[in-house]
Amino acid sequence: MISQKFVLFPLLTLLLVSVLLVGCQKNAPTQEENKSPKKDYIRKIEGKSEHIPDEVVAKGEVLVAYSGCADCHRVDTKAKGPAFRDIAQRYPVQPAYVDMLARKVISGGFGSWGNPIMSPHPHLSIEDTRTMVYYILSLD
Ligand code: HEC
């Protein structure tokens, strides 16, 4: 039966070509995957940074040391929370960002770094958390 052979051959070829096509599409990197993961993670916000006085940085470092932040944060490496230096790279030193971050330390929160949640710290004052945030942002 010659006709059966003529039908089967194109069918098999078609199948092979489609399998190959699907395979290639899977391997082709999407635009998202081409970007450096580090850059995506930081998502730097452009803006001018203010100078932070040394004494504010020093006070903030002490406050951070005594407030249990190290349970979840390290300066250079990601732990449960993002590395302080990564946070410093994202935000310009401007009162609006400092205030937003200081409030977030008090209220806790999630969703900015793809991590689990930061627990609330309701016992801390906004003045102290602002000073801590100034210290963190000085690490850039
Ligand atoms: C229980 C763990 C934990 C503790 C304790 C903790 N953090 Fe966090 N922190 C996190 C996590 C998780 C995130 C990321 C939250 C997110 O993705 O929005 C974070 C994020 C942050 C951010 C960035 C927020 C943003 O929106 O970009 C700052 C600033 C910060 N923490 C400061 C502090 C300070 C200061 C302390 C100490 C008073 C502290 N954290 C204690 C877990 C913690």
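Of the numbered criteria (1) buried (at least 16 other Cβ atoms within 10 Å of the Cβ); (2) free of Cβ contacts under 8 Å to residues at least 12 places away in the same chain, the one residue 104 fails is (2). Beta carbons closer than 6 Å, at least 6 apart along the sequence or on distinct chains, never pair a first residue in the range 61-89 that is modelled with pLDDT under 95 and of a type in the set (A, V, I, L, M) with a second that is more than 8 Å from the ligand (Cβ to nearest atom) and not in a helix (DSSP H, G or I). The condition (being away from the ligand (no atom under 14 Å from the Cβ), over 21 Å from residue 125 (Cα atoms) and surrounded by fewer than 16 Cβ atoms within 10 Å (Cβ to Cβ)) is satisfied by just one residue among 50, 55: 50.
The values are calculated or read from the model by the stated rules, or taken from the named source; none is laboratory data. For clarity, every value in this text was computed on a predicted model and none was experimentally measured. Every residue, glycine among them, receives a Cβ derived from its backbone with ideal geometry; neighbour counts consider all protein chains shown.
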